[in-house]
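Each value in this text was obtained by applying a stated rule to the coordinates, not by laboratory testing. Small disclaimer: the values here were computed from a predicted structure and weren't measured. Every residue, glycine as well, gets a Cβ built from its backbone with ideal geometry; the counts of neighbours run over all protein chains shown.
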Amino acid sequence: MEHGKPQNIEIIAAALTVSDRSARGERSDKSGPVIEELLQSIGAKIKEYRLVPDEQDVIARNLRELSDNVGVDLIVTTGGTGLTRRDVTPEATLEVIDRRIPGFEEAMRAESIKITPHGMLSRAVSGTRRQTLIINLPGSPKAVRETLSVILPALPHAVELIRG
């Protein structure tokens with residue numbers, strides 16, 4: 001496989017932006033569109049785009065619904081991975097996944113740390129729920145581009161393996 005090229009499989013994806021201010025309409029979401037752009041660059045089709053507040057139960061419910069009912073191969077979240085009290089995306093993700101995939105987490109943090117020492121503060125996790133790959137990304141568009149770009153080449157193969 002050539003890096004960054006799809007492996008002749010169609011990935012059906014969802015983007016989930018976690019932000020209190022964006023969910024209330026106080027700020028436009030700039031990170032979700034970056035996720036969509038990068039996923040489309042490997043041939044993924046964005047089936048759902050959602051904007052939710054930093055509430056663990058709401059995040060978990062959306063992850064379950066996108067995986068179990070909408071049936072996407074991949075859910076990429078942005079936001080809620082830091083150290084503030086309201087940052088609960090990793091907890092919601094851990095609540096719903098069956099298996100964790102630490103390699104994605106390690107690769108993204110390693111890339112972030114090259115750019116800023118603050119990269120080590122990310123608590124983003126990734127894993128699988130049934131046939132769906134779930135990946136947490138930081139909230140800023142710049143960090144989304146940096147972290148998603150580093151794992152993008154591995155996503156088609158990961159999805160193919162998860163499908164069986």
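Some observations on this one:
- For T77, the residues 5 or more places off, or on other chains, whose built amide H falls under 5 Å of its own are L16, I135, N136, L137.
- Ranked by the mean number of other Cβ atoms within 10 Å of their residues, highest first, the peptides 19-30, 123-134 fall in the order 123-134, 19-30.
- Percent RCO, i.e. relative contact order, over the range 9-59, from Cα pairs under 8 Å lying at least 6 residues apart: 54
- In order along the range 132-139, the Karplus-derived 3J(HN,Hα) couplings, from 6.51 cos²θ - 1.76 cosθ + 1.60 at θ = phi - 60°, round to 10, 8, 10, 10, 8, 10, x, x Hz, and Gly and Pro are given as x.
- In order along the range 118-125, the phi-based Karplus estimate (6.51 cos²θ - 1.76 cosθ + 1.60, θ = phi - 60°) of 3J(HN,Hα) comes to 5, x, 6, 7, 5, 10, 3, 10 Hz; Gly and Pro are listed as x.
- Among [x] 2, 10, 20, 24, 23, 14, 6, 1, 0; [y] 2, 10, 16, 18, 18, 15, 11, 6, 3, 1, 0, 0, 0; [z] 2, 9, 18, 22, 21, 14, 9, 4, 1, 0, the entry derived from the coordinates for P(r) over Cα pairs in 5 Å bins from 0, in percent: [x]
- Most mobile of L152, L83, L74 in a GNM of the chain (Cα contacts under 10 Å): L83
- Amide proton proximity set for I46, modelled H, under 5 Å, gap of 5+: A13
- Span per principal axis, largest first, for the Cα atoms of the range 49-93 (Å): 31, 16, 16
- Helix content alone sets the calculated 222 nm mean residue ellipticity of the chain: runs of n ≥ 4 DSSP H residues at -39500 (n - 2.57) each, divided across all residues, give -11500 deg cm²/dmol.
- Aspartates and glutamates whose Cα lies under 19 Å from that of K45, excluding same-chain neighbours fewer than 8 positions away: E10, E36, E37, E65, D68, D73, E160
- Phi-based couplings in Hz for the range 98-110 (Karplus 6.51, -1.76, 1.60; Gly and Pro marked x): 8, 9, 8, 10, x, x, 5, 4, 5, 5, 5, 5, 4
- Among 91-97, 42-48, the order from most to least packed when residues are scored by Cβ within 10 Å on average: 91-97, 42-48
- Distance from the range 56-117 to the range 29-50 (C-alpha centre basis), Å: 16
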